[in-house]
Amino acid sequence: MIRPGIIFYFFLFMAPLAAPAHSSDLHGLWQTAKGAIINISQCGTAMCARLQSFRPPDGQRQQDVLDLRNHDTAKRARKVLGLRVLWNIKAAGENKWQAEGYDPRRGYEVSIDLHLLPSGLLRMTGCKKVVLNFCENVNWQRR
């Protein structure tokens, strides 16, 4: 015969093991302030993020948009949809990561610090040295 107390303790101690993924997990879909959808997933030993959908320029379909602003002219013929926009995402502390990234709106690569805020927003600070350091903060919302 199983006593009710045993069942209570089983659920008390086993429930945390069945809880959903910890909120500091970056995997999944994120939406940018401009409405683009980014998918963060495992890519080998580190995480990466790919552009899953975005609002294309007027008169174009997102599957036809090319990476025309890329500073590397050899990459301008590649499609933006599905492009890897973050790579080598590695932990850098509690709810903090560092990564390399690519901004298709500007066509350059930057080093990025990521911070998962208590609100659930993912704040990213990317800096590019152009004579002086030019830095920008952007927030993504989990979908």
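Any read-out appearing in this document is the output of simple, stated calculations on the displayed coordinates, not a laboratory observation. Quick caveat: nothing in here was measured; it's all calculated off a predicted structure. Backbone-built Cβ (ideal geometry, glycine too); neighbour counts: all protein chains shown.
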Return the loop-located GluC sites (Glu not before Pro) in the stretch 41-143 (DSSP other than H, G, I, E, B) with at most 13 other Cβ atoms within 10 Å of their own Cβ; answer none if there are none. Glu94
The stretch 65-115: translational diffusion in µm²/s, Stokes-Einstein, Kirkwood Rh over Cα pairs, 37 °C, 0.692 mPa s: 279
Asp72 versus Val138: modelled label distance in nm, points set 7 Å from Cα along the beta carbon direction: 1.9
Starting from the 7 Å offset along Cα-to-Cβ, what nm value, one decimal, do you get for the label separation of Asp58 and Gln98? 4.3
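Could the peptides 83-91, 61-69 be put in order, highest first, of the mean number of other beta-carbon atoms found within 10 Å of their residues? Write out the running numbers ahead of the final one.
Working: 83-91: 17.3, 61-69: 13.3.
Per-residue mean Cβ counts within 10 Å order the peptides as 83-91, 61-69.
Considering just Cα atoms, how many Å³ per residue does the convex hull of the stretch 4-142 enclose?
Dividing the Cα hull volume of the stretch 4-142 by its residues yields 154 Å³.
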